[in-house]
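> Below: one structure in structure tokens.
The values are calculated or read from the model by the stated rules, or taken from the named source; none is laboratory data. Only a predicted model underlies this, so the values are computations on that prediction, with no experimental measurement involved. All Cβ positions, even for glycine, are placed from backbone atoms using ideal geometry, and neighbour counts span all protein chains on display. Please note that ligands, DNA and RNA were not included when accessible areas were found on the heavy atoms of the full protein model with its side chains. Shrake-Rupley method; radii C 1.70, N 1.55, O 1.52, S 1.80 Å.
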Amino acid sequence: FIQYTYHRPRYRHLFVSPNSNRSNISALINDEIAAAHAGEAAAITIKCNNLVDERIVNKLYEASQAGVQIRLIVRGMCSLVAGQKGLSENIQAISIIDRFLEHPRVFIFHNRGKPLYFISSADLMTRNLDFRVEVTCPIHDPKLQQRIQTIIDLQWADNVKARILDKLQTNKMRKTKGVRVRSQEAIHRFLATGELPITRQSD
């Protein structure tokens, strides 16, 4: 028998490991799966340092097989294999290694056309979800949501420092197409001046 000597609060907005990060992130993925099964648009964008938790990886595979369009920006370890027929053909994954450390974690869920935005201290690793105190925070302000979306779009458009994460771990550099976008430079310019080098693109 373990007697806890602290009060465990119930949060209205925050997801907090080890109690609720995993379950809430999984529930949001399940919502996108349900939308896809209903024939509605469904999409997930994740930016993190590491994606190695087996249960989350399998949940993303399930989402892909349901038709959810998934974009991953993973700087470090990635156990998920993207672009495999019958398993993950609806998942694209890149990694960006450049002058500055890519450290933010961002989760974006399409949510039937009313996107949900989250920032987090937690990577998608078992230790972060189950054995540490980590917090995922929703972003409600529309202006901040737009800023996050713009930054993620700039990173997804990177064709200078982005590598495509593949099954064979060759991780080849993306070929430059159209406007040259080095996302770290583009984001710095955007934050300093508001200037954008590109419009949004999906691939």
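> What angle, in degrees between 0 and 90 and rounded to the nearest 10, separates the Cα long axis of helix 21-37 from the longest principal axis of the Cα atoms of the chain?
60
> Quick one: what are the phi-derived ³J(HN,Hα) couplings along the stretch 171-187, Karplus 6.51/-1.76/1.60 with θ = phi - 60°, whole Hz, x for glycine and proline?
The phi angles translate into 6, 5, 5, 5, 6, 5, 10, x, 5, 6, 10, 9, 4, 5, 5, 5, 5 Hz.
> Hey, what number do you get for the chain at 222 nm if only DSSP H runs of n ≥ 4 count, each worth -39500 (n - 2.57), divided across all residues, to the nearest 500?
Numbers: 5 runs with 61 residues, N = 203.
Helix contribution divided over all residues of the chain: -9500 deg cm²/dmol.
> For LYS167, give me every one of the aspartates and glutamates with a C-alpha distance below 16 angstrom, ignoring sequence neighbours fewer than eight places off in its own chain.
Cα-Cα hits under 16 Å: GLU89.
> Now, a different point. Can you give me the % of accessible surface on the chain that is carbon or sulfur? Probe 1.4 Å, all protein chains present, nothing else counted.
Carbon-and-sulfur percentage of accessible area, whole number: 53.
> Spelling out what I want: for every residue of the stretch 127-137, take phi, set θ = phi - 60°, compute 6.51 cos²θ - 1.76 cosθ + 1.60 (Karplus), and round to whole Hz; glycine and proline get x.
With coefficients 6.51, -1.76 and 1.60, one gets 5, 7, 7, 10, 10, 9, 8, 9, 10, 10, 10 Hz.
> Given a 10 angstrom Cα cut-off, can you work out which residue in VAL179, VAL133, VAL74 is the most mobile in a GNM of the chain?
The residue that fluctuates most here is VAL179.
> With a 1.4 Å probe and every protein chain left in place, work out the accessible area per residue of the chain in Å², rounded to a whole number.
Here the per-residue accessible area is 58 Å².
> With a 1.4 Å probe and every protein chain left in place, tell me how much accessible area TYR61 has, in Å² to the nearest 10.
30
> Per the Kirkwood definition applied to all pairs of different Cα atoms, how many angstroms is the hydrodynamic radius of the stretch 1-149?
On the way: mean 1/r = 0.0625 Å⁻¹.
Result for the stretch 1-149 stands at 16.0 Å.
> Would you grab the residues whose amide H sits under 5 Å from the one on GLU134? Only those 5+ places off in sequence or on another chain, please, with H modelled 1.01 Å from N.
SER17
> At 0.36 nm per residue, minus the direct Cα-Cα distance, what do GLU195 and ARG10 gain on full extension? Give it in nm, one decimal, please.
On the way: separation 185, 0.36 × 185 = 66.60 nm, distance 4.15 nm.
62.4 nm is the gain from fully extending GLU195 to ARG10.
> Among the listed pairs LYS47/LYS175; LYS59/LYS85; LYS114/LYS177; LYS85/LYS175, which are separated by more than 25 Å between their Cα atoms?
Table pairs above 25 Å Cα-Cα are LYS114/LYS177.
> Okay, moving on. What distance in nm lies between label points placed 7 Å from Cα along the C-beta direction at GLU89 and LEU116?
Label at GLU89, label at LEU116, 2.8 nm between them.
> Translational D (Stokes-Einstein, µm²/s) of the stretch 80-203 at 25 °C and 0.890 mPa s when Rh comes from the Kirkwood sum over C-alpha pairs?
151
> Work out from phi, with θ = phi - 60° and the Karplus expression 6.51 cos²θ - 1.76 cosθ + 1.60, the ³J(HN,Hα) of each residue of the stretch 51-64, listed in order in whole Hz, and give x for Gly and Pro.
Whole-Hz 3J(HN,Hα) from phi for the stretch 51-64: 10, 9, 5, 4, 5, 5, 4, 5, 5, 5, 4, 4, 5, 4.
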